[in-house]
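Heads up, the thing below is written out as structure tokens.
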Amino acid sequence: MVTLSDPPRESFRLSQLIYDTRYRSMTIQVVALIGFLILLGWLFSNTMQNLTELGKEPSFRFLSDPAGYDINQRLIDYNNQDTHLRAAFIGLLNTLLVAFLGCITATVLGVIIGVLRLSKNWLVARLMTIYVEMFRNVPVLLWIVFVMAILIESLPAPRAFKGENPSATMKVFDTVAVTNRGIYVPEVQFGRDAKDDKGEYLDEPTGWRTGLGDFPVGADPDNPSCESYFASEGPMAGEPGPGCGRFQISLDLMAIILVLMAGFYVSHRIKTRADHIQEATGERPTTWYLRLGVIVIPLAILFWAMGTYLTYPSIERGFNFQGGTHMRNSLIALWLALSLYTAAFIAEIVRAGIMAISHGQTEAAAALGLRPKRIMSLVILPQALRVIIPPLISNYLNLTKNSSLAIAVGYMDITGTLMGITLNQTGRELETVLLGMLIYLTISLSISAVMNWYNNSVKLVER
Amino acid sequence: MKKTVFLGALTVAGLAAGAAAAGTLDDVKARGKLNCGVSTGLVGFAAADANGEWDGFDVAVCRAVAAAVLGDPKAVEFVPTTGKTRFTALASGEVDMLARNTTWTFSRDVDLKFTFVGVNYYDGQGFMVPKELGVSSAKELDGSTVCIQTGTTTELNLADFFRANNISYEPVPIETNAEAQQQYLAGACDVYTTDASGLAATRATFETPGDHVVLPEIISKEPLGPLVRHGDDEWGDVVRWTLNALVTAEELGITSANVKEMASAAGNNPEINRLLGTEGNLGEMLGLSADWSVNAIATNGNYGEIFEKNIGENTPIGLSRGLNAQWTNGGLIYSPPFR
């Protein structure tokens, strides 16, 4: 006789949460999560309570107070009566500038060095090994300070350029001054910039070739420096004074960028057409002069039409060079040191990427008759990119974060302004550092997003 | 077993929290050491010598407080702080007091929540330039490059001065005095600006001090003094009255040479007796021993002695007393009475 029994009824007892393996891991995780949240909450409330007891309730109102300090390198207009927020923004722009310059230089250097390290030439390969080992094994702060010390100690001071028999002279046909305060290079100016305060043209060229001027974003008619911008007549009509608007966009630069982009687009179309002809007929038409022409000729016409001229740095009187563009040695030192340091890491990544491509690829390409240079640029590097990009992202992030060492050479980045002087003058440690962390987080996530997008576009398409 | 460890840890944490809540004075006594924030190195004010012994005008204040509280002027842990890190160090309790040529300002006192216990040096911001520039007034500095220590009041004064005189300049922010010195000497900046006393101290360390001049303009008031955290008045009193004891000692003619002898028995001057603890119980009121001021004065002498030894006219720094003379000699140094 067979007894049939019902399957045991599912019943749930609390003890199962611990003794039943189906639930146990869940229980542990929930308990750990609650514990973690309690810890966070305790930290938060403790900080708040302590700050309140100190009489320093967290508040971000200080951001709208006048900063009161000056910043030497300003990409947009700023004076010491502007707010702490604007000072922080100036710092942010400086951080972005050095990070941008650094990433480009480090990539170019890193790729070259990484490829050269695999060279069959014994001397070149060893030299590159020495470079890589030297740079990546010394802390980047020391490199920054070292480069700055070299710039300061080995280059002449501006006053060495003065007098009857100056002990230092300007380089490149007397147009570039290399001093221990930075490098002064000629500055590109457009006709319109050549007016003086009374609205008179200071220099050739004149007439209608006056450039496009600047556009003030958020211009306020009540602001005295905007008076000339809103005026319908007068010598300076339509031109914003310094400090008008939140920031000013150079329309000349915009025009140049537009023409350049159009030129590149047309040039790309010519290349596509040449490709089609090559595929159809087997013969590639010579296009280099066309491709060069569509970029250079419109640009040259634009420069002429806007009345482009150069101003040269000069030092006849005063303490510093006047005119020209000043690249401060704090920027140069930081940029150089960060690039050289990061390039050592990128070189290793590039080397790893190349070595990850099987040697058969090189041999196959060689068998097709490609020369070594073309094998590298057409066959190896494109495949190596998918190995190279992900670690490259982290190096870009590292470079950006390392730029916070800028204060060592007195470069006013976001750490120097918001988390440096502003923190010190207002005593708002928690708020400024939190803001600073948020800003770095945003920058890093943006870089990651862009690079991940690029990574997706170069990675192997699997079918 | 595990529970015991956990409870034990809780108890320890609770005790530590309890100790932290007690006054700084008790903390210092329990620790047996005073944590004193000083500058990273400014000859004459605070600098470590070849043996790592700290010495200087500000250091003497730390030592006097340590002597008053612990009876031992050597029981000081010196914490070098930069212009940027000093306030965080004090607010977080890393140091018990700051004696680091720090300017007493409204916002530091009220907004940053510190208590300035007095002024030990009346200073003002000045400019130093190389002689060869031929500059004789700060108003001729239009377009110059100026080295400044970042995170100080000098940064703001400088901006105000150039703005008020409608002249331009290029600031070069620098972390420490040593870096500023390097940049200034290499000609990377034309001008170095900081408190006039700091300029004199820096200039004294140059190879050829004569090649550099300090311009006549003093563009700000910089009363420098020791400070403690807000809200711990007992500790603030100890530091304040130690400083006052040094000042009063000079006024009353008590020196490091004669303090022991004067303190051995009550004399004719009741104020000296009260100060030195041979009469009354001022030390007890502060929570210190009766000979607190004797120890403080015996360490480095009275205010005048400390001044002369570290930054006075016979030292390389060569500062005259000027505003920092006793009020009886036409200066501003003045202590409330010990009564």
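The values are calculated or read from the model by the stated rules, or taken from the named source; none is laboratory data. If you're wondering where the values come from, they're calculated on a predicted model, not measured in any experiment. Glycine gets a Cβ as well: all are built from the backbone with ideal geometry, and neighbour counts include every protein chain shown. The protein model used for the area step is the full one, side chains on, heavy atoms only, and it has no ligands, DNA or RNA in it. Shrake-Rupley method; radii C 1.70, N 1.55, O 1.52, S 1.80 Å.
Quick look at the values:
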item: Output for segment A:39-76, where each listed residue is surrounded by fewer than 18 Cβ atoms within 10 Å (Cβ to Cβ) and charged (D, E, K, R); result: A:Glu53, A:Glu57, A:Arg61, A:Asp65, A:Arg74
item: Positions within segment B:301-326 being touching a helix residue (DSSP H, G or I) at 6+ places or on another chain (Cβ under 8 Å) and open to solvent by 60 Å² or more (accessible area, probe 1.4 Å), in sequence order; result: B:Lys309, B:Asn314, B:Pro316
item: Some residue of segment A:340-353 being open to solvent by less than 40 Å² (accessible area, probe 1.4 Å) and not in a helix (DSSP H, G or I); result: no
item: Some residue of segment A:448-457 being open to solvent by 70 Å² or more (accessible area, probe 1.4 Å), aromatic (Phe, Trp, Tyr) and over 19 Å from A:Ile354 (Cα atoms); result: yes
item: Close pairs from segment A:60-82: first within 9 Å of another protein chain (Cβ to nearest Cβ), partner part of a strand (DSSP E or B), Cβ under 6 Å, at least 6 apart; result: A:Asp70/B:Pro171; A:Asn72/B:Glu170; A:Asn72/B:Pro171; A:Gln81/A:Pro66
item: Any hit, segment A:412-431, residues being open to solvent by less than 10 Å² (accessible area, probe 1.4 Å), of a type in the set (A, V, I, L, M, F, W, C), closer than 20 Å to A:Ile144 by Cα and assigned to a helix (DSSP H, G or I); result: yes
item: Selection count, segment A:286-329, where residues are in contact with a helix residue (DSSP H, G or I) (Cβ under 7 Å, 6 or more places away or on another chain), hydrophobic (A, V, I, L, M, F, W, C) and farther than 30 Å from B:Ala188 by Cα; result: 6
item: Qualifying position, being under 30 Å from A:Pro156 (Cα atoms) and either touching a strand residue (DSSP E or B) at 6+ places or on another chain (Cβ under 7 Å) or exposed (fewer than 13 other Cβ atoms within 10 Å of the Cβ) (or both), among A:Ile332, A:Ile297, A:Ile301, A:Ile249; result: A:Ile332
item: Residue within segment B:292-304 that is more than 10 Å from B:Val259 (Cβ to Cβ) and not in a helix (DSSP H, G or I) present; result: no
item: Among (1) in contact with a helix residue (DSSP H, G or I) (Cβ under 8 Å, 6 or more places away or on another chain); (2) modelled with pLDDT of 90 or more; (3) not β-branched (Val, Ile, Thr), the one test that A:Gly41 misses; result: (1)
item: Subset of segment B:88-117 [open to solvent by less than 10 Å² (accessible area, probe 1.4 Å) and under 22 Å from B:Ala47 (Cα atoms)]; result: B:Ala89, B:Leu90, B:Val95, B:Asp96, B:Met97, B:Leu98, B:Ala99, B:Thr102, B:Thr103
item: Looking only at segment B:127-164, and only at residues there that are part of a loop (DSSP other than H, G, I, E, B) and more than 22 Å from A:Pro158 (Cβ to Cβ), the one that is farthest from the other protein chains (Cβ to nearest Cβ); result: B:Thr152
item: Residue in segment A:318-325 that is open to solvent by 30 Å² or more (accessible area, probe 1.4 Å), under 30 Å from B:Asp142 (Cβ atoms) and in contact (Cβ under 8 Å) with a residue 12 or more places away in the chain present; result: yes
item: Filtered residues of segment B:93-126 (kept if more than 13 Å from chain A (Cβ to nearest Cβ) and either of a type in the set (Phe, Trp, Tyr) or in a helix (DSSP H, G or I) (or both)); result: B:Trp104, B:Phe116, B:Tyr121, B:Tyr122
item: Members of segment B:165-188 found to be more than 8 Å from chain A (Cβ to nearest Cβ), in contact with a strand residue (DSSP E or B) (Cβ under 6 Å, 6 or more places away or on another chain) and at pLDDT below 90, listed by number; result: B:Asn177, B:Ala180
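Residue by residue, here is whether (1) among the charged types (D, E, K, R); (2) surrounded by fewer than 18 Cβ atoms within 10 Å (Cβ to Cβ) holds:
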| residue | (1), (2) |
| --- | --- |
| A:Lys120 | yes, yes |
| A:Arg126 | yes, yes |
| A:Phe135 | no, no |
| A:Val140 | no, no |
| A:Glu153 | yes, yes |
| A:Ala157 | no, no |
| A:Ala160 | no, yes |
| A:Asp174 | yes, yes |
